[in-house]
């Protein structure tokens, strides 16, 4: 992965340790229920651990395997194991692909 911002790093979702929740393969949907993919990992601040982006595996519909979704455009629905994004597939199609 190209690191244009050296204070950020990729963390695989299955490496996140939480006794109460497993982030690996959490579904990512638009607010209208359109499936965008599954959480693959996160781009986080090295010092604080604060997430900036979710790395999403598009499952084949996107031009690249992965894309980055800004955390500020998501809401976590723990009960339904999903991230709900305020973007559509049309919006995401304008995003660049991501390679970790």
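The values are calculated or read from the model by the stated rules, or taken from the named source; none is laboratory data. Keep in mind the model is a prediction, meaning the values are calculated, not measured. Every residue, glycine as well, gets a Cβ built from its backbone with ideal geometry; the counts of neighbours run over all protein chains shown.
Below are the figures for this structure:
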read-out	value
Subset of segment 36-57 (residues that are at negative phi and without any contact (Cβ under 8 Å) to a residue 24 or more places away in the chain)	38, 48, 50, 51, 53, 57
Hits in segment 59-84 - residues which are over 10 Å from the mean Cα position of the chain (by Cα), closer than 14 Å to residue 37 by Cα and either without any contact (Cβ under 8 Å) to a residue 40 or more places away in the chain or part of a strand (DSSP E or B) (or both)	59, 60, 61, 62, 63, 64, 65, 82, 84
Checklist (1) closer than 17 Å to residue 96 by Cα; (2) touching a helix residue (DSSP H, G or I) at 6+ places or on another chain (Cβ under 7 Å); (3) in a loop (DSSP other than H, G, I, E, B) applied to residue 53, failing item	(3)
Residue 39 vs. criteria out of contact with any helix residue (DSSP H, G or I) (no Cβ under 9 Å at 6 or more places or on another chain), closer than 26 Å to residue 7 by Cα and surrounded by 11 or more Cβ atoms within 10 Å (Cβ to Cβ)	no
Residue match in segment 2-16 (condition: over 11 Å from the mean Cα position of the chain (by Cα) and within 23 Å of residue 79 (Cβ to Cβ))	yes
Selection from segment 51-72 of residues that are loosely packed, with under 11 Cβ neighbours inside 10 Å and either touching a strand residue (DSSP E or B) at 6+ places or on another chain (Cβ under 7 Å) or at pLDDT 95 or above (or both)	72
Residues satisfying the stated conditions in segment 85-100, i.e. assigned to a helix (DSSP H, G or I) and either surrounded by 12 or more Cβ atoms within 10 Å (Cβ to Cβ) or touching a strand residue (DSSP E or B) at 6+ places or on another chain (Cβ under 8 Å) (or both)	89, 91, 92
